[in-house]
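Structure record follows, encoded as structure tokens.
The values are calculated or read from the model by the stated rules, or taken from the named source; none is laboratory data. In this text, all values refer to a predicted model and were calculated from it rather than measured experimentally. Methodologically, a virtual Cβ is constructed for each residue, glycine included, from the backbone with ideal geometry; neighbour enumeration extends over all protein chains shown.
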Ligand code: 13P
């Protein structure tokens, strides 16, 4: 079992391709549709998810797609199941298994991710449907007096319980403790909190006997808050992020796949690229691969082009493939801003 988990984790995030997060809950998907003027119906959600997974050429850039519960058991527009559509594209299907971040009792302004009750049984169902990996996202809010230890520890514990259950079921857990970009905090504040959160998460993963070689860490980049006046340059973000990860992520973990967290597609590609450029210059190679598991930074340009209109489907797929290719190049440190001009 451990060999298989390690092999899948490596193929997923250490094999030179990245992950496409398309696991928005219906509420989140509807919110993005509303902003783009798209009707918030089950048919439109199906059409959008079908558009994403059937993008020609996507499998050259994407190793795994994280699906949502509404998607994994369903068929796309032509009647083929989403799991088979992913397989046809050479993409491994995964599934978001948490049931969302809810307000945490006794901790105003903070959230705890729910979904452990009945998880063992649900995981078995997902395995039968064809999933090979799973995702659970915890969110950590920065603010006055936040985050609290109580919130960090409760979320780390839930992530570790989830990861252990996944491995028991033969699924690779993608462990996502996300330090949010919302707020006016500085890069240094994000760095300190990110390192503390990662230390706590890995202590819990160790305690719950999670096999680190058979998991993927989904991490935030270390960034100043969106409302912070001081926005550091790409090379500073890359250096501080890599240093923070070196301090807190064990060498046994095969790969770290970044979330985008509200960065633009171009910035997310540029920062990921710079980290992989930096990695080539270090006297000791990094012990893990640095990959991507973006949702917004890869989907949003395509969603804007599509805006729910069938005639715009091909153009939207081209926009998606463009971002996927930029991120593929960033994995090698080969992304350049000029790639954006060629596409435009
Ligand atoms: P973003 O890349 O939009 O942050 O989403 C990644 C994700 O999977 C959040 O759980």
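Mind checking which residues of the stretch 234-260 are touching a helix residue (DSSP H, G or I) at 6+ places or on another chain (Cβ under 7 Å) and not in a helix (DSSP H, G or I)?
Going residue by residue through the stretch 234-260, those that are touching a helix residue (DSSP H, G or I) at 6+ places or on another chain (Cβ under 7 Å) are 234-235, 237-242, 244, 247-250, 252-258, 260.
Result: 249, 250, 252, 253, 254, 255, 256, 257, 258, 260.
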Which of the residues that make up the stretch 29-58 are under 16 Å from the mean Cα position of the chain (by Cα) and more than 16 Å from the ligand (Cβ to nearest atom)?
none
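Rundown of residues vs (1) over 19 Å from the mean Cα position of the chain (by Cα); (2) assigned to a loop (DSSP other than H, G, I, E, B); (3) more than 16 Å from the ligand (Cβ to nearest atom), yes/no style:
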position: 5; (1), (2), (3): no, no, yes
position: 20; (1), (2), (3): no, no, no
position: 27; (1), (2), (3): no, no, no
position: 66; (1), (2), (3): no, no, no
position: 79; (1), (2), (3): yes, yes, yes
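State all residues of the stretch 261-291 that are within 13 Å of the ligand (Cβ to nearest atom) and assigned to a loop (DSSP other than H, G, I, E, B); if no residue qualifies, say none. Steps first, answer last, please.
Step one: filter the stretch 261-291 for residues within 13 Å of the ligand (Cβ to nearest atom), giving 261-265, 267-269, 271-272, 291.
Correct list: 261, 262, 263, 264.
So, in the stretch 81-107, of the ones that are closer than 21 Å to residue 255 by Cβ and free of Cβ contacts under 8 Å to residues at least 60 places away in the same chain, which residue ends up nearest to the chain's Cα centre (by Cα)? Break it down into steps so the answer makes sense when it comes.
At the first step, the residues of the stretch 81-107 found to be closer than 21 Å to residue 255 by Cβ are 86, 89-98.
Checking the rest, the ones that are also free of Cβ contacts under 8 Å to residues at least 60 places away in the same chain come to 86, 89-90, 93.
Details: 86: 17, 89: 20, 90: 19, 93: 14 Å.
Within the stretch 81-107, the match that is nearest to the chain's Cα centre (by Cα) is 93.
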Restrict the check to the stretch 117-131 and report whether at least one residue is in a loop (DSSP other than H, G, I, E, B), over 19 Å from the mean Cα position of the chain (by Cα) and within 20 Å of residue 181 (Cβ to Cβ).
no
Search the stretch 211-223 for residues being buried (at least 24 other Cβ atoms within 10 Å of the Cβ) and more than 15 Å from the ligand (Cβ to nearest atom), and hand back the single one that is nearest to residue 157 (Cα to Cα).
215
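Would you say residue 303 is touching a strand residue (DSSP E or B) at 6+ places or on another chain (Cβ under 8 Å), outside any loop (DSSP other than H, G, I, E, B), within 16 Å of the ligand (Cβ to nearest atom) and at pLDDT 95 or above? Can you show your working first?
Numbers: touching a strand residue (DSSP E or B) at 6+ places or on another chain (Cβ under 8 Å): no; outside any loop (DSSP other than H, G, I, E, B): yes; within 16 Å of the ligand (Cβ to nearest atom): yes; at pLDDT 95 or above: yes.
No, not satisfied.
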Pairs please, first residue from the stretch 148-166 and in contact (Cβ under 8 Å) with a residue 40 or more places away in the chain, second anywhere and part of a helix (DSSP H, G or I) and surrounded by fewer than 19 Cβ atoms within 10 Å (Cβ to Cβ), Cβ atoms under 6 Å, 6+ apart in sequence or on different chains.
165/120
Return yes or no: is residue 100 surrounded by fewer than 21 Cβ atoms within 10 Å (Cβ to Cβ), within 30 Å of residue 141 (Cβ to Cβ) and at pLDDT 95 or above?
yes
Step by step: first the residues of the stretch 93-116, then only those that are in a loop (DSSP other than H, G, I, E, B), away from the ligand (no atom under 13 Å from the Cβ) and touching a helix residue (DSSP H, G or I) at 6+ places or on another chain (Cβ under 7 Å), then the one that is farthest from residue 70 (Cα to Cα). Which residue is that?
107
